[in-house]
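Contents: one structure, followed by commentary.
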Amino acid sequence: GQVKPGGRVVVTGAGMIGLGAVAIAAIEGAEVRAMGTERDLAERLPIATQVGAARTLVFGDQALAEIAEWAPRVWIEASGAAAAVEGASNVVAKGGTIVSPGLGSGPWNVNVGRMSFNSISLLGMWGGNIAHLDDIARWMQEGRLDIKPMLQSMPLSEWREAFDMLRRQEGVKVVLVP
């Protein structure tokens, strides 16, 4: 894959997919920077640090300027936000790759000229890549990949509150227990 030891990886989106990407990129030896929104400051960005992000930022012009100077070769866009896709196309390093497992409503104003001139790839992905499931299972078994910080258990009887929490973007993934 594109994630290499010592490589520079940016992950936008601090939900389950983004946090999982942070954790896996860190396990692969990359230096990871995670970006989220102001709402992510209280809970989700601290989880990003806990699972492997070397630095977290709130998405915006200042963060994009910092990331542009850092010149990441891989940008995993897991938020689905048009601004994040656009930002990635404007700042990922020459020869880099933007991976988009997030969904958004678009439209996206992607800088195709910059991407073409700098040999930047855009990889859309739906449903993940099952080729890595064995690695993920092994890392979990070895204790290298800990998804517990991303999970919260609640009794099934509290399903309405669980859904309300997710609508408010509190927590990351709620597991309802019968």
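In whole Hz, what ³J(HN,Hα) sequence does segment 46-62 give by Karplus (6.51, -1.76, 1.60; θ = phi - 60°), x for Gly and Pro?
Going residue by residue, I get x, 5, 4, 5, 4, 9, x, 5, 6, 8, 10, 9, 8, 4, x, 4, 5 Hz, with x marking Gly and Pro.
Please give the FRET efficiency for Trp159 paired with Glu66, using the beta carbon to beta carbon distance and R0 = 45 Å, rounded to the nearest 0.05.
0.65
Test of understanding: in a Gaussian network model of the chain with alpha carbons linked when under 10 Å, which of Gly36, Gly15, Gly143 would top the mean-square fluctuation ranking?
Gly143
Which FRET efficiency value, to the nearest 0.05, do you get for Met16 and Ala93 by plugging their Cβ-Cβ distance into 1/(1 + (r/R0)^6) with R0 = 22 Å?
Efficiency computed from Cβ-Cβ geometry: 0.25.
Calculate the translational D of segment 134-178 in whole µm² s⁻¹ from Stokes-Einstein, where the hydrodynamic radius comes from the Kirkwood formula applied to all Cα pairs, the temperature is 20 °C and the viscosity 1.002 mPa s.
It diffuses with D of about 182 µm²/s by this estimate.
Go through Phe117, Phe59 and list them by solvent-accessible area, largest first, probe radius 1.4 Å.
Phe117, Phe59
With a 1.4 Å probe and all protein chains in place, put Lys173, Lys4, Lys94 in order of accessible area, largest first.
Largest to smallest exposure gives the sequence Lys94, Lys4, Lys173.
Between Lys148 and Arg167, what is the label-to-label distance in nm when each label sits 7 Å out along the Cα-to-Cβ direction?
3.2 nm
Would you mind classifying segment 90-178 by shape? Square roots of the alpha carbon gyration tensor eigenvalues, ordered a ≥ b ≥ c; an a/c under 1.5 is rounded, otherwise it is prolate if a/b is larger than b/c and oblate if not.
oblate
Calculate for the chain the 222 nm mean residue ellipticity that helices alone would give, adding -39,500 (n - 2.57) per DSSP H run of length 4 or more and normalising by residue count, nearest 500 deg cm²/dmol.
Per the formula, -10000 deg cm²/dmol.
Which distance in Å, rounded to a whole number, links the C-alpha centroids of segment 26-40 and segment 86-108?
Answer, in whole Å: 15.
Of all the accessible heavy-atom surface of segment 1-146, with the other protein chains kept in place and a 1.4 Å probe, what percent is carbon and sulfur?
So the carbon and sulfur contribution to the accessible surface is 54 percent.
Would you mind working out the magnitude of the charge dipole of segment 55-178 relative to its Cα centre, with +1 at each Lys and Arg C-beta and -1 at each Asp and Glu C-beta, to the nearest 20 Debye?
160 debye
By how many nm would the segment from Asp135 to Ala83 grow when fully extended, if each residue of separation counts as 0.36 nm and the alpha-carbon distance is taken off?
Length gained between Asp135 and Ala83: 15.5 nm.
Just the accessible area for Trp70, please: 1.4 Å probe, Å², rounded to the nearest 10?
Using a 1.4 Å probe on the heavy atoms, I get roughly 20 Å².
Residues with amide H under 5 Å of Leu57's amide H, sequence separation 5 or more or different chain, H placed in the peptide plane at 1.01 Å from N; which?
Ala34, Met35, Gly36
Just the Kirkwood number for the chain, please: inverse of mean 1/r across all distinct Cα pairs, in Å, one decimal.
16.7 Å is the Kirkwood radius here.
Can you grab the distance from the C-alpha centre of segment 161-176 to the C-alpha centre of segment 44-59, Å, no decimals?
Cα centroid of segment 161-176 versus Cα centroid of segment 44-59: 19 Å apart.
Please list the non-local residues whose amide H lies under 5 Å from the amide H of Val99, H modeled 1.01 Å from N, same-chain partners needing a gap of 5 or more.
For Val99, whose amide H was placed from the backbone, the distant partners under 5 Å are Trp75, Ile76, Glu77, Leu123.
The values are calculated or read from the model by the stated rules, or taken from the named source; none is laboratory data. Remember, it's a predicted structure, so these values are computed and weren't measured experimentally. Cβ: placed from backbone, ideal geometry, glycine included. Neighbour counts: every protein chain shown. Remember, those area values only see protein heavy atoms, side chains included, never the ligands or the DNA or RNA. Shrake-Rupley method; radii C 1.70, N 1.55, O 1.52, S 1.80 Å.
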